[in-house]
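Reading through the structure tokens given below for one structure.
The values are calculated or read from the model by the stated rules, or taken from the named source; none is laboratory data. Predicted model, so just to flag it, every value in this text is computed and none were measured. No Cβ is skipped: glycine too gets one built from the backbone with ideal geometry, and neighbour counts run over all protein chains shown. Protein only, heavy atoms only, side chains kept; ligands, DNA and RNA dropped before computing areas. Shrake-Rupley method; radii C 1.70, N 1.55, O 1.52, S 1.80 Å.
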Amino acid sequence: MRLTPRFLLSAASLAALPGRALAAGMPQLDFKNPLLQGQVVWGALIFIGFYIILSRSALPKVEQVIKARVTRIQNDLDLARAAKKAADQARQELMDARQKAMDHAHANILTIQEAAKAATEAQLSATVQRLEAEIRESELNIRLAHDKANESLSEIASDTASSLLLQVIGRDGKEAVQKAVKRVQHQEV
Amino acid sequence: MANESKIDALGQFELHPILGSVGETLRLSQSPLFMLIAVGLVLAFLYFGMRPSAVVPGRLQAAAEMSYEFIRDLAVGTIGEKGTIFFPFIFALFFFILSGNYLGLLPFSFTFTSHIAVTLAMALTVFIMAILVSLRYQGIGFVKHFMPEGAPVTLAPILIPIEILSYLSRPVSLSIRLFANMVAGHVLLEVFASFTIMLAGLGVIGHVLAVAPVAINIALTALELLVGLLQAYVFAILTCIYLREAVAH
């Protein structure tokens with residue numbers, strides 16, 4: 001036991017007490033007192049009872065609650081980890097599917113573009129061919145129309161010239177006019 | 001307790017029979033009664049604290065769990081893995097002393113830890129238990145610890161008696177430490193409380209001066225709260241240290 005200031009102070013206060021208290025002595029040291037002996041026996045019984053109740057009932061209950069909490073927290077953490085893992089996996093699968101879909105879409109776009117290009121080219125080629133045929137046909141028609149017009153031209157010119165001559169000189173001179181028109185036509189050709 | 005000129009600071013430690021003749025026959029005093037109350041309070045604290053068994057604990061349950069974990073850490077941290085075996089005993093010892101110390105601070109109560117017979121009984125229990133545990137784990141070889149390792153053999157006749165004396169003084173120091181602290185605190189409280197009553201009888205000046213012992217007593221009560229906890233902790237940790245030595249090879 002250390003002689004602390006607190007203990008010295010209490011010892012001093014004890015020493016300052018008037019005679020009766022000290023003369024009577026400390027009740028704790030009256031070992032002949034049956035109550036003091038009984039106190040030890042009762043104390044031992046109470047302490048043993050306390051220990052038994054604590055070790056058999058009270059403390060295991062506290063331990064059970066704490067363990068249940070730890071187990072539950074651990075289970076929740078495991079569930080959370082599993083959920084995170086599943087979410088990560090799902091995200092990865094989503095990303096993979098997205099990438100795959102993008103690749104597929106890109107390939108489809110390329111295919112469609114090529115098909116459209118081929119179709120456009122074919123259509124263009126057909127259109128060109130059709131236009132060329134139409135041009136050829138139109139040129140032929142023009143030539144035919146031109147030839148036909150040329151054929152009618154001598155007759156119209158002869159008739160017109162004859163009419164003019166008839167009105168100017170009083171006779172048509174049809175044969176001379178026809179010959180002159182033919183001569184001019186031959187010169188132009 | 002106190003009359004006009006005398007202070008009976010030790011009267012508070014006297015034992016009185018309770019329950020009349022039955023108490024006298026069974027040697028029942030107020031001390032076992034307060035032991036029962038203390039034990040009942042601790043058990044009620046644990047029972048009502050743990051009754052909800054909630055995953056998210058309330059205040060009382062948190063306090064009960066903290067008490068459990070505090071003593072468990074103390075026992076396992078000091079003794080080692082085998083500390084779990086002694087944990088209920090350390091828990092019982094700590095809370096028996098703590099509740100006894102704190103219960104004694106209430107007016108008209110009794111501090112059973114201020115009786116050397118009680119503290120010595122507890123200290124001897126710890127001492128005998130430590131010897132039995134030493135024999136269980138180390139056999140008779142535990143007596144080798146009375147000769148410090150590396151010490152010259154020629155010093156054995158001096159060292160061994162000193163070590164044995166030091167070992168035997170453990171229950172004495174353990175019991176007197178708690179007993180003396182409790183007695184000192186309660187004597188001081190009684191003395192200063194008596195000063196207040198004495199000064200109050202001196203008239204107006206006395207009334208003014210009587211404030212000082214009251215203030216001192218308030219401070220002493222705060223100190224006693226600390227000392228009560230500290231002494232219970234010291235008793236428990238020393239028990240753990242003795243048991244650690246006992247289980248160590």
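Surface composition of region A:78-185: carbon plus sulfur atoms hold 60% of the accessible area, using a 1.4 angstrom probe and ignoring ligands, DNA and RNA. Here the simple spin-label model places points 7 Å from the Cα toward Cβ, and for A:LYS148 and A:ALA122 these points are separated by 3.9 nm. Positive end of the dipole of the protein assembly as shown (Cβ unit charges, origin at the Cα centre): among A:HIS104, A:ASN75, B:LEU26, the Cα lying farthest that way belongs to B:LEU26. Of the chymotrypsin sites (Phe, Trp or Tyr not before Pro) found in region B:89-149, those that fall in a DSSP loop while having at most 15 other beta-carbon atoms within 10 Å are B:PHE108.
Remark: accessible area buried at the A-B interface is about 4600 Å², both chains counted, probe radius 1.4 Å.
The residues neighbouring B:ILE71, those whose beta-carbon lies less than 14 Å from its own, together hold a net charge of -3 under the Lys/Arg +1, Asp/Glu -1 convention.
Between region B:88-134 and region B:209-232, what's the alpha-carbon centroid distance in Å? Here the answer is 22 Å between Cα centres.
Computed from the Kirkwood radius of its Cα pairs, the Stokes-Einstein diffusion coefficient for region B:30-168 at 25 °C and 0.890 mPa s stands at 136 µm²/s. Assuming charge only on the beta carbon of Lys and Arg (+1) and of Asp and Glu (-1), the dipole of chain A about its Cα centre is about 2640 debye to the nearest 20. Label-to-label distance for A:LEU140 and A:LEU94 is 6.8 nm, based on points extended 7 Å past Cα in the beta-carbon direction.
Per residue, chain B exposes 49 Å² of accessible surface when a 1.4 Å probe is rolled over the protein heavy atoms with every protein chain present. A simple spin-label model places pseudo-atoms 7 Å from Cα toward Cβ; at A:ARG183 and A:ASP103 they are separated by 9.0 nm.
Gain on full extension, evaluated as 0.36 nm per residue between B:HIS16 and B:ILE158 minus their Cα-Cα distance, stands at 46.4 nm. Placing a label point 7 Å from the Cα of A:ALA83 along the Cα-to-Cβ direction, no residue of region A:42-68 has a backbone N closer than 19 Å. Listed by chain and number, the lysines whose C-alpha is less than 28 Å from the C-alpha of A:LYS182, apart from same-chain residues fewer than 8 away, are A:LYS148, A:LYS174. Taking the centroid of alpha carbons for each part, region B:187-207 and region B:168-184 are 31 Å apart. Quick one: which bits of region A:54-79 get at least 20 Å² less accessible when the partner protein chains are in, versus the chain alone, with a 1.4 Å probe? When all protein chains are present, A:LEU54, A:ALA58, A:LEU59, A:LYS61, A:VAL62, A:GLU63, A:VAL65, A:ILE66, A:ARG69, A:ARG72 each give up 20 Å² or more of accessible surface.
Measuring r between the beta carbons of B:LEU202 and B:ALA63 and using R0 = 45 Å, the FRET efficiency lands at 0.50. Rounded to two decimals, the Cα radius of gyration of region A:21-102 over 2.2 N^0.38 Å is 2.75.
Per residue of chain B, what 222 nm ellipticity follows from adding -39500 (n - 2.57) for every DSSP H run with n ≥ 4, rounded to the nearest 500? One gets -25500 deg cm²/dmol as the mean residue ellipticity at 222 nm. May I ask for the angle, rounded to the nearest 10°, between helix A:5-15 and the longest principal axis of chain A, with both axes built from Cα atoms and the value confined to 0 to 90°? It works out to around 30 degrees. Any idea what angle helix A:59-169 forms with the longest principal axis of chain A, computed on alpha-carbon atoms, 0 to 90 degrees, nearest 10? Taking the Cα atoms of chain A, the angle to A:59-169 is about 10 degrees. Relative to the 2.2 N^0.38 Å rule of thumb, the protein assembly as shown has a C-alpha radius of gyration ratio of 2.61.
The charge dipole of region B:111-249, taken about the Cα centre with unit charges on the Cβ atoms of Lys, Arg (+1) and Asp, Glu (-1), comes to about 260 debye, rounded to the nearest 20. If you fit an axis through the alpha-carbon atoms of helix A:34-53 and take the longest principal axis of the Cα set of chain A, what angle between them do you get, 0 to 90°, nearest 10? It is inclined by approximately 20 degrees.
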